[in-house]
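Just so you know, all these numbers are worked out from the coordinates, no wet-lab data involved. Keep in mind that what you see is a predicted model, and the values were worked out from it rather than measured. When we count neighbours, we look across all protein chains shown, and the Cβ atoms used for this are built from the backbone with ideal geometry, even at glycine.
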Amino acid sequence: MNKKGKIFLNVYYLRQVADICSAMQAVPGSYRVIDIHKLRVQVKRIKSVFRLLEYRYPAEFKVQDHYHLFKPVFKSAGLIRESQINLRLLREYPVAGRLRKAYYRYIAQLKSQWRQVLDAHIRSFNYKKLDDYNKRTKELISRNTESELVEIIEDFIYSELQRINTMLDGPDDLEYIHEVRILLKNIKPLLGLIWRRKDNHFTKSHYESLNEAETYIGNWHDRVVLSRSVTLFFNAIGKEKEKMQEEYSSLQKELHNYNKEAFDKIRSSLAVMLEVFAGK
């Protein structure tokens, strides 16, 4: 602990909280891509700290007891964020001409409802409870010196990596990738926080290898979400299906082929990442 009593992990946590509050003020009425994205990234970073505290104090701290405060805003912002990504990705597939235009109209109809729900969750956000959580988080973090916190973070990262390693020993399918993605999101913010410090064992190569694996998984996940969303839309359009059946089939085929290639890249990048962290 430094003389001013400002522990780096608590400073980091409070910075994310401030950014979440700022984003919640900016979102209503504008719904800019950057604000929606920032809101969700900051909540993921908060959850990473919560995961760490649960790892360190399993009998005293539970992630879900604290994350539930942010979950409604995170989930409702997620619907808007996914639609923004889907619309961007569809531009990469010329085969989906009329289908893309019809899907745009479909999303435009849903956006108003999604925005109303998000606005309602932002208005009802419990700032008093947030203050209580901030005090609780600070109290738990302050039980440790900075060097102890670095060691705890390192142990947590290796614990999560071991879970990933166990998954890679399983069957060659995509079922576990969603879980791996969650684990990487638990690790990445904390790794990004400490790898530049002189009192830790990680380097830039550790962060870059993890970031590459997460990027491959993120690109794969975005297209899985797009495929699912377009399928829901396509199944709901009734007679218009016949006019767009060929485009729909072509799009799904391209997405399927992308995901097959992505699987090999994901497996390879995860293997490289684990080797880097193992010191090989």
Next item on the list: Kindly point out which whole DSSP H helices in the chain project their C-alpha atoms 24 angstrom or further along the helix axis while averaging a Kyte-Doolittle hydropathy of 0.5 or above.
Entry: 8-26, 177-194
Item checked: Cross-link table Lys128/Lys185; Lys47/Lys241; Lys75/Lys188, entries beyond 32 Å C-alpha to C-alpha -> Lys47/Lys241
Next item on the list: Evaluate the distance, in nm, between pseudo-label points positioned 7 Å from the Cα of Thr215 and of Glu275 along their respective Cα→Cβ axes.
Entry: 1.9
Next item on the list: Order these peptides, 212-222, 186-196, by their mean beta-carbon neighbour count within 10 angstrom, highest first.
Entry: 186-196, 212-222
Note to self: Using the Cα centre of the stretch 8-277 as the reference point, and only Cβ charges (+1 on K/R, -1 on D/E), how large is the resulting charge dipole? Debye, rounded to the nearest 20.
What the structure shows: 1360
Check: For the chain, what is the relative contact order in percent, using Cα pairs closer than 8 Å and at least 6 residues apart in sequence?
Finding: 22
Check: Once the Cβ-Cβ distance between Val11 and Ser159 is put in as r, and R0 is 25 Å, what FRET efficiency do you end up with, to the nearest 0.05?
Finding: 0.55
Next item on the list: Find the Rg to Rh ratio for the stretch 1-121, where Rh is the Kirkwood radius over alpha-carbon pairs and Rg uses the same atoms.
Entry: 1.11
Note to self: Which residue, Ser250, Thr166, Leu118, has the largest displacement toward the positive end of the dipole of the chain when charges sit on each Cβ (Lys, Arg +1; Asp, Glu -1)?
What the structure shows: Leu118
Check: What is the gain in length, in nm to one decimal, between Gln25 and Gln252 on full extension, counting 0.36 nm per residue of separation less the C-alpha to C-alpha distance?
Finding: 77.9 nm
Next item on the list: For an R0 of 41 angstrom, estimate the FRET efficiency from the Cβ-Cβ distance between Ala236 and Asp169 and round to the nearest 0.05.
Entry: 0.50
Check: Using every alpha carbon pair in the stretch 8-277, what percent of pairs falls into each 5 Å bin from 0 up to the bin containing the largest distance?
Finding: 1, 5, 11, 14, 14, 15, 14, 11, 7, 4, 2, 1, 0, 0
Notebook entry, point to check: What's the exposure ranking of Tyr12, Tyr57, going from fewest to most Cβ atoms within 10 Å?
Noted result: Tyr57, Tyr12
